[in-house]
Amino acid sequence: MAYFRKRLVHLVPVFFLVTFASFVLVNLLPGDVVDAILADDQAANDPELRRQIMVDLGLDKPLLVRYFTWLGDLAQGDLGRSYITGKKIGDLLVQRIPVTLQLMVMSLAFALVVAVPLGILCAYRSNRAIDRWISGSAFGIVATPPFVTSILFVWVFAVILKALPAAGHAPMFMGVSTNLKYFILPMLAIGLSEVPIFLRVLRVDMITTLQEDYIALAKAKGMSTGYILFRHALRPSMFTLVTVLGLQVGRLISGLVIVENIFALPGIGKLLIDAIDARDVLVVQAIVTFSAIAYVVINLTVDILYAVLDPRVGRRPEAV
């Protein structure tokens with residue numbers, strides 16, 4: 001428990017630094033939310049109205065005062081209301097988070113299902129033709145940005161083949177198959193970009209593991225190749241993969257913004273872009289806060305998985 005408490009304490013400053021930095025940066029953007037609320041002619045010709053709106057929204061207070069006021073409200077579970085729509089931000093996030101989480105989980109699951117077997121195969125056949133071919137293909141995929149892949153998939157599968165919808169979203173109550181149709185293309189676009197990263201990381205660690213003495217002993221005992229690879233070599237080779245997976249999940253929470261907008265998925269990314277365009281500071285801050293909390297939780301989960309994979313981690317002297 002001391003190990004996990006120490007890790008949690010280390011992650012708390014990350015949350016405060018991220019939320020404060022984002023609050024300052026959003027407020028430094030040119031223009032303000034009053035311009036989005038008022039028509040251009042009203043904003044220009046009625047300065048008194050502008051001042052009144054700023055007072056009503058609390059925008060007349062110093063930046064630090066607004067930040068700590070927001071932090072106090074957050075501690076009570078209140079994310080505030082959108083400056084533009086007046087809706088509760090918590091309700092907006094509840095509506096959008098499931099879409100983003102579904103896309104992220106599907107993409108990472110697809111990436112792992114493809115990358116883990118290929119990584120094991122490349123390690124087992126290291127420096128042979130199949131390893132070179134798979135590794136070369138992986139480099140080509142990782143060099144292609146997800147937004148390029150997204151456009152290519154839309155052109156092939158939606159425009160030419162007309163097999164999948166180009167954009168949009170169907171809620172789960174309309175049917176699982178209908179819902180999944182709208183996620184296949186964005187899932188492939190994001191998942192393919194993750195495959196080379198997971199594959200290369202696992203390949204390197206597996207090659208090192210397969211050179212260990214206990215692997216040679218397992219071979220000498222006549223154990224099958226598949227049993228050795230999946231039972232004895234895979235688990236100790238997953239430390240780096242778990243770390244990278246945690247980092248990628250944190251990155252994807254913000255990285256889904258472009259893909260969600262390309263495919264018009266009503267997730268967190270789409271909400272973030274709309275809020276930035278409208279200078280809706282509290283909505284932007286709420287999304288950044290959600291991302292920061294998710295990043296902290298994911299990193300803590302990675303530490304827990306370390307202890308699961310190797311119980312010695314939690315008992316190390318430096319972890320106490």
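The values are calculated or read from the model by the stated rules, or taken from the named source; none is laboratory data. Just so it is clear, the model here is predicted, and its values are computed rather than measured. Positions of Cβ are generated from backbone atoms using ideal geometry, with glycine treated the same way; all protein chains shown enter the neighbour counts. Accessible surface is based on the protein model in full, side chains and every heavy atom, while ligands, DNA and RNA are left aside. Shrake-Rupley method; radii C 1.70, N 1.55, O 1.52, S 1.80 Å.
Scoring GLN95 on the criteria (1) within 23 Å of the chain's Cα centre (by Cα); (2) closer than 18 Å to VAL281 by Cα; (3) open to solvent by 40 Å² or more (accessible area, probe 1.4 Å) leaves a single failure, condition (2).
Say we look at region 218-233 and pick out the residues that are in contact with a helix residue (DSSP H, G or I) (Cβ under 7 Å, 6 or more places away or on another chain) and more than 21 Å from VAL114 (Cα to Cα); which of these is surrounded by the most Cβ atoms within 10 Å (Cβ to Cβ)? Among residues in region 218-233 that are in contact with a helix residue (DSSP H, G or I) (Cβ under 7 Å, 6 or more places away or on another chain) and more than 21 Å from VAL114 (Cα to Cα), the one surrounded by the most Cβ atoms within 10 Å (Cβ to Cβ) is ALA218.
Please go through region 168-179 and pick out each residue that is closer than 15 Å to THR100 by Cα and of a type in the set (A, V, I, L, M, F, W, C).
Scanning region 168-179 gives ALA170, MET172.
If I go through region 180-195 residue by residue, how many of them are touching a Phe, Trp or Tyr at 6+ places or on another chain (Cβ under 7 Å) and either free of Cβ contacts under 8 Å to residues at least 60 places away in the same chain or open to solvent by less than 20 Å² (accessible area, probe 1.4 Å) (or both)?
Residues flagged as touching a Phe, Trp or Tyr at 6+ places or on another chain (Cβ under 7 Å) and either free of Cβ contacts under 8 Å to residues at least 60 places away in the same chain or open to solvent by less than 20 Å² (accessible area, probe 1.4 Å) (or both) within region 180-195 amount to 4.
Sub-7 Å Cβ pairs linking a first residue in region 237-248 that is farther than 12 Å from THR301 by Cβ and at pLDDT below 80 to a second residue that is open to solvent by 20 Å² or more (accessible area, probe 1.4 Å) and aliphatic (A, V, I, L, M), at least 6 apart or interchain, are PHE239/LEU309, ordered by first then second residue. Applying the condition of being of a type in the set (Ser, Thr, Tyr), more than 30 Å from LEU271 (Cβ to Cβ) and in a helix (DSSP H, G or I) to region 203-260 and asking which residue is farthest from the chain's Cα centre (by Cα) yields TYR214. You will find that of ILE207, ILE215, ILE262, the residue that is closer than 30 Å to ARG96 by Cβ and either among the hydrophobic types (A, V, I, L, M, F, W, C) or surrounded by fewer than 16 Cβ atoms within 10 Å (Cβ to Cβ) (or both) is ILE262 and no other.
Restricted to region 136-145, and to residues there that are under 12 Å from VAL195 (Cβ atoms) and either small (Gly, Ala, Ser) or touching a helix residue (DSSP H, G or I) at 6+ places or on another chain (Cβ under 6 Å) (or both), the residue that is surrounded by the most Cβ atoms within 10 Å (Cβ to Cβ) is ALA138. Of all residues in region 206-235, those that are more than 21 Å from ASP131 (Cβ to Cβ) have Cβ atoms under 9 Å from Cβ atoms of residues that are of a type in the set (A, V, I, L, M, F, W, C), 6 or more apart or on another chain, in ALA218/ILE228; ALA218/ALA233; TYR227/ALA218; ARG231/ALA218; ARG231/MET223; ARG235/LEU309. Evaluate the following for VAL148: is it modelled with pLDDT of 90 or more and assigned to a helix (DSSP H, G or I)? Taking the combined requirement at face value, the residue does not satisfy it. Taken as a whole, the condition of being part of a helix (DSSP H, G or I), modelled with pLDDT under 80 and out of contact with any helix residue (DSSP H, G or I) (no Cβ under 9 Å at 6 or more places or on another chain) does not apply to VAL296.
One line per residue, one yes/no per condition, for (1) touching a strand residue (DSSP E or B) at 6+ places or on another chain (Cβ under 7 Å); (2) closer than 23 Å to LEU199 by Cβ; (3) part of a helix (DSSP H, G or I):
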residue: ASP60; (1), (2), (3): no, no, no
residue: ASP78; (1), (2), (3): no, no, no
residue: GLY86; (1), (2), (3): no, no, no
residue: LEU101; (1), (2), (3): no, no, yes
residue: PHE110; (1), (2), (3): no, yes, yes
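Within region 151-179, if we keep just the residues that are assigned to a helix (DSSP H, G or I) and touching a residue at least 60 places away in the same chain (Cβ under 8 Å), the residue that is surrounded by the fewest Cβ atoms within 10 Å (Cβ to Cβ) turns out to be ILE151.
Selection of region 110-128 for residues being open to solvent by less than 70 Å² (accessible area, probe 1.4 Å) and without any contact (Cβ under 8 Å) to a residue 12 or more places away in the chain yields only PRO117.
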